[in-house]
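Undergrad: Following this message is one structure expressed as structure tokens.
The values are calculated or read from the model by the stated rules, or taken from the named source; none is laboratory data. These numbers come from a predicted model, not from an experiment. Cβ: placed from backbone, ideal geometry, glycine included. Neighbour counts: every protein chain shown.
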Amino acid sequence: MRKVSAKNERVKRSFFRWLKEAAGCCDSTVNNIENAILLWQEFSKNEDFALYNSDKAIDFKKWLAKRAFRGKPISIVTYHAYMRYLRKFFGWLVRETGYRSRIKPNAVDYLKITEKEERIATQSTPRNYPSLDYVRKLVDSIEPKTEVDLRDRALISFTLLSGMRDRAVATLPLGCFDKEKLTILQNPRKGVETKFAKLIPTTIFPFDQKMVGFLTGWVKHLEGKGFGSQDPLFPRSKLDQGADNLSFEASSDVEPAFWQGTGRIREIFKKRSQAASLPYFPPHTFRHLAVNLAVASCKDGEEMKAVSQNFGHEYIATTLSSYGNYTPSRLTEIIKSMDFAGNPRATLDEKLDKVLLALKDKVL
């Protein structure tokens with residue numbers, strides 16, 4: 001890359017300011033967009049952004065498609081994301097003084113990918129997730145000898161029973177969980193980091209009463225220790241000074257402090273699955289399991305809408321398209337169990353009418 005352009009850097013700072021303060025983008029989104037712009041600067045050898053045009057956009061797409069990451073071409077999903085981020089940047093830039101007369105507005109459209117690539121990049125693929133039997137074996141494998149054991153058992157149980165994202169779990173205060181009603185208020189004002197900072201009222205899914213007991217027992221334990229409503233529901237392990245007095249080691253007790261990030265939660269899931277001689281499933285896959293268990297229990301449109309809202313989704317379509325796809329093995333199991341030989345008691349039209357009637361005024 002050529003010498004850094006002071007003009008380009010000033011424009012980027014203005015753009016990042018606009019992203020945060022006007023567009024309301026979070027830091028992670030800004031970082032992703034910044035990485036895309038850095039790629040453009042590498043491709044263009046840091047030339048003035050005002051020199052952008054449709055021909056350069058086409059050449060950049062060819063350059064990026066050939067770019068390798070760890071010896072392999074970048075994925076279509078990553079390629080699509082970079083194009084989207086750069087369209088956002090140049091779409092903003094073309095409205096700015098000093099650039100409006102130099103960049104043609106329709107030149108930004110050349111940063112789009114083909115319709116075929118768009119479908120491939122955005123299609124929802126089945127996610128491999130654990131079974132309910134797996135989760136039961138995992139929590140039952142944890143012998144509650146220490147306070148950390150109690151926490152980890154309750155954490156894994158809660159992740160399934162609530163269906164919450166790990167970031168929200170890591171930032172959930174004790175006061176946001178009602179152990180009597182088994183309800184959770186994922187409240188961003190209380191520090192809960194939900195997706196898009198949405199306020200999400202959630203009720204615990206009673207998939208397994210033993211796991212519900214592990215959870216409520218943990219809450220009572222924390223309250224008995226004097227934990228308050230602002231303290232974490234799942235606190236980090238207490239740090240004790242090592243024997244050399246130069247380092248700190250995690251003890252078997254907890255302290256009223258939140259984890260920094262979600263890495264520690266993933267480590268707990270991995271450590272506990274290895275100890276139980278079970279395959280590792282990331283915390284978010286437990287959300288996929290929760291969706292499929294809950295959806296399978298729905299009898300009508302009203303219950304389907306309630307389940308969808310419980311996961312923080314505004315629309316049922318989000319629940320079904322993002323989390324409702326079956327794994328290939330489960331799909332095969334369902335199809336093979338269906339009775340294709342018997343005479344249907346109702347026509348396809350009658351069945352569809354029945355489904356639509358159930359959804360009317362409850363979903364829309």
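Undergrad: From the list Ala81, Ala65, Ala57, which one is assigned to a helix (DSSP H, G or I) and either more than 27 Å from Arg13 (Cα to Cα) or among the acidic types (Asp, Glu) (or both)?
TA: Ala65
Undergrad: Another question about this same structure. Given the conditions (1) under 19 Å from Thr318 (Cβ atoms); (2) out of contact with any Pro (no Cβ under 9 Å at 6 or more places or on another chain), which single one is not true for Glu193?
TA: For Glu193, the exception is condition (1).
Undergrad: Additional query: I need a count of the residues in the stretch 153-165 that are buried (at least 23 other Cβ atoms within 10 Å of the Cβ) and within 16 Å of Ala197 (Cβ to Cβ).
TA: Of the residues in that region, 1 qualify.
Undergrad: Considering each of Phe196, Phe214 in turn, give the residue that is among the aromatic types (Phe, Trp, Tyr) and modelled with pLDDT under 95.
TA: Phe196
Undergrad: What strands (runs of 3 or more DSSP E), lying completely within the stretch 191-305, carry at least 2 residues that are buried (at least 16 other Cβ atoms within 10 Å of the Cβ) and under 18 Å from the mean Cα position of the chain (by Cα)?
TA: Hits in the stretch 191-305: 200-203.
Undergrad: Still on this structure, I have one more. Restricting to the stretch 85-97, name every residue that is part of a helix (DSSP H, G or I) and either in contact with a Phe, Trp or Tyr (Cβ under 7 Å, 6 or more places away or on another chain) or surrounded by 17 or more Cβ atoms within 10 Å (Cβ to Cβ) (or both).
TA: Matches in the stretch 85-97: Tyr85, Leu86, Arg87, Lys88, Phe89, Phe90, Trp92, Leu93.
Undergrad: Answer yes or no: is there a residue in the stretch 25-36 that is over 30 Å from the mean Cα position of the chain (by Cα), part of a helix (DSSP H, G or I), more than 23 Å from Ala57 (Cβ to Cβ) and not acidic (Asp, Glu).
TA: Within the stretch 25-36 (the criterion being over 30 Å from the mean Cα position of the chain (by Cα), part of a helix (DSSP H, G or I), more than 23 Å from Ala57 (Cβ to Cβ) and not acidic (Asp, Glu)), the answer is no, since none of the residues qualifies.
Undergrad: Can you say whether Leu160 is modelled with pLDDT of 95 or more, assigned by TED's automatic domain parsing to the domain that holds Pro282, part of a helix (DSSP H, G or I) and under 24 Å from Thr318 (Cα atoms), as far as the supplied structure shows?
TA: yes
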